1. When residues of segment 334-345 are filtered for being assigned to a loop (DSSP other than H, G, I, E, B) and either open to solvent by less than 30 Å² (accessible area, probe 1.4 Å) or modelled with pLDDT of 90 or more (or both), how many remain?
2. Taking the residues in segment 463-492 that are touching a helix residue (DSSP H, G or I) at 6+ places or on another chain (Cβ under 9 Å) and not in a helix (DSSP H, G or I) as candidates, determine which candidate is most open to solvent (accessible area, probe 1.4 Å).
3. Please indicate, with yes or no, whether at least one residue in segment 398-412 is touching a Cys at 6+ places or on another chain (Cβ under 6 Å), part of a helix (DSSP H, G or I) and open to solvent by 10 Å² or more (accessible area, probe 1.4 Å).
4. Which members of segment 356-383 meet the condition of being touching a residue at least 12 places away in the same chain (Cβ under 8 Å) and not in a helix (DSSP H, G or I)?
5. Quick one: count up the residues across segment 494-515 that are closer than 23 Å to Pro468 by Cβ and open to solvent by 60 Å² or more (accessible area, probe 1.4 Å).
6. Kindly provide the set of residues from segment 287-318 that are open to solvent by 50 Å² or more (accessible area, probe 1.4 Å) and aliphatic (A, V, I, L, M), ordered by number.
7. So which residues in segment 128-138 are under 24 Å from Glu284 (Cα atoms) and either without any contact (Cβ under 8 Å) to a residue 40 or more places away in the chain or of a type in the set (Ser, Thr, Tyr) (or both), if there are any at all?
8. What pairs come up if the first residue lies in segment 386-409 and is charged (D, E, K, R), the second is open to solvent by 80 Å² or more (accessible area, probe 1.4 Å), and their beta carbons are under 7 Å apart, counting only those six or more places apart or on different chains?
Amino acid sequence: MEELDGEPAVTVIPGVNSKKNQMCFDWGPGEMLVCETSFSKKEKSEMVPSCPFIYIIRKDVDVYSQILRKLFNESHGIFLGLQRIDEELTGKSRKSQLVRVSKNYRSVIRACMEEMHQVAIAAKDPASGRQFSSQVSILSAMELIWNLCEILFIEVAPAGHLLLHLLDWVRLHVCEVDSLSADVLGSENPSNHDSFWNLSLGGMMSHGWSLPYTFATNPHLESLLKIMLGDEATLLEQKELLSNWYHFLVTRLLYSNPTVKPIDLHYYAQSSLDLFLGGESSPEPLDNILLAAFEFDIHQVIKECSIALSNWWFVAHLTDLLDHCKLLQSHNLYFGSNMREFLLLEYASGLFAHPSLWQLGVDYFDYCPKLGRVSLELHIERIPLNTEQKALKVLRICEQRQMTEQVRSICKILAMKAVRNNRLGSALSWSIRAKDAAFATLVSDRFLRDYCERGCFSDLDLIDNLGPAMMLSDRLTFLGKYREFHRMYGEKRFADAACLLLSLMTSRIAPRSFWMTLLTDALPLLEQKQVIFSAEQTYELMRCLEDLTSRRPVRGESDIQQLQDEDIETTKVEMLRLALARNLARAIIREGSLEGS
């Protein structure tokens with residue numbers, strides 16, 4: 001069983017009085033809606049005025065930062081490259097590739113940090129400047145932690161080389177000596193500069209500079225010599241020249257135990273922290289993270305970072321890298337996933353809250369073997385399909401992954417939108433793509449109704465090229481075949497058109513409500529000089545007409561419009577009966593003449 005954390009921190013929403021009124025909320029995939037209700041906590045029966053606003057609470061606000069979006073985009077490519085590293089690589093070749101990947105991640109962090117720093121300097125609004133400066137501090141801490149993890153867990157430097165790596169780590173992240181050096185060396189007489197000995201002490205403690213022997217008679221010499229001999233008391237006296245406790249730790253190791261073994265680091269780290277703070281202050285979250293790293297407690301590092309940092313980017317990518325280093329194989333969570341997958345799922349879920357970064361989240365879900373596909377299916381259904389271009393993008397992603405149900409769902413949504421906008425061609429296309437017979441029938445009915453009202457078809461190119469798709473539903477088949485009848489008629493292939501029209505009625509594929517239209521379409525063929533319908537075919541048409549008229553519902557009282565419509569229908573029936581009778585007589589005479597000859 002995993003160790004459970006304490007109670008989560010309370011988030012205060014400005015303008016909401018949760019102590020006075022009851023709250024109403026609704027969870028979403030990446031955010032929560034919160035508002036006050038009209039019910040007081042003290043007197044529940046009393047209705048009191050409440051806050052008129054609905055608040056949106058987001059858990060991953062960093063995805064909306066323009067600069068941090070570059071971090072997410074750049075690291076996405078590095079992440080994909082890491083997943084493709086050949087598992088067969090072993091030894092130094094694999095280790096060198098993993099170290100290179102780690103350095104690439106750090107370079108992306110540093111580039112974003114430098115850009116954020118420039119934005120903070122250029123900010124005209126003090127509040128914005130402070131916000132950007134805070135982000136710079138967070139990014140700096142992230143790179144500091146990552147660099148240390150790279151040294152201890154990925155490069156795994158042995159005794160002797162370890163201190164050299166730690167010195168580089170301190171030099172990279174502690175720049176006070178470098179700035180002081182430029183100030184002193186830029187003066188006319190550096191040795192007489194007020195900060196010269198501070199620079200010498202700082203240089204020794206940060207960079208391992210050698211003793212300035214030409215000043216051997218200087219009163220500072222004793223302090224310098226004691227530091228070189230590893231005297232901790234003297235080193236602590238110069239604490240103001242050291243930026244922090246880990247700066248003190250590396251300096252202490254440099255002069256007291258330069259060949260320190262990795263296994264002994266945790267002792268020196270803890271004692272350096274205690275000595276440097278001296279009980280005057282408590283460790284900061286960053287201190288706890290670094291201390292856990294020096295103790296080689298990877299899981300504690302990840303846990304502390306998850307609590308301290310404002311998003312999942314850092315822990316997700318660091319954990320993934322450490323997992324590729326085979327350092328997390330034994331740590332599974334109790335709810336069905338391992339730590340790497342859990343953190344990647346959380347990070348990808350946060351990306352799906354953004355209108356464009358969701359595309360990056362798809363790849364992260366792809367590389368979560370246990371729960372990634374299920375999570376992707378749940379999240380992709382919640383993407384707002386604002387434009388057809390975006391819908392096609394989502395659809396392509398689903399089709400590439402054989403997500404059949406999601407493809408059908410998206411196509412149905414788009415088909416419904418098209419129907420509401422009276423774009424019947426687009427609606428039919430989406431329903432065919434979804435292989436939804438019921439909706440294809442509905443759209444086909446709309447096409448036929450539209451034809452009855454306007455006398456012509458819209459989207460002829462689509463209907464003319466239905467191909468095998470017309471077999472999706474009977475109504476769609478009828479629509480395609482009925483359009484084929486019109487095309488034959490237009491090409492003056494009257495005999496073929498007559499056979500097709502008759503087959504549509506006798507096969508019962510045509511909706512009964514459309515029979516009168518089909519019979520009306522037969523009128524011009526019945527009135528042709530040449531006999532088109534045979535006697536047998538004419539009998540079939542007569543039978544269809546009688547079947548249609550005999551089953552008409554008996555109406556009660558009707559208004560004027562209904563009476564007019566009934567008169568029109570009666571006129572059509574009479575015209576059809578007359579045309580059919582004439583055609584039957586002509587067909588019988590023609591067929592009798594042919595038999596006699």
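The values are calculated or read from the model by the stated rules, or taken from the named source; none is laboratory data. Values in this document were obtained by computation on a predicted structure and should not be read as measured data. FYI the Cβ positions are ideal-geometry reconstructions off the backbone, even for glycines, and counts take in every protein chain you see. We work out accessible area using only protein heavy atoms, side chains counted, and drop any ligands, DNA or RNA first. Shrake-Rupley method; radii C 1.70, N 1.55, O 1.52, S 1.80 Å.
1. Counting residues in segment 334-345 that are assigned to a loop (DSSP other than H, G, I, E, B) and either open to solvent by less than 30 Å² (accessible area, probe 1.4 Å) or modelled with pLDDT of 90 or more (or both) gives 1.
2. In this case the residue turns out to be Glu491.
3. yes
4. Passing the criteria: Leu357, Tyr367, Cys368, Pro369, Lys370, Leu371, Glu381, Arg382, Ile383.
5. 4
6. Ile307, Ala308
7. The answer is Gly129, Arg130, Gln131, Phe132, Ser133, Ser134, Val136, Ser137.
8. Correct list of pairs: Arg408/Lys435.
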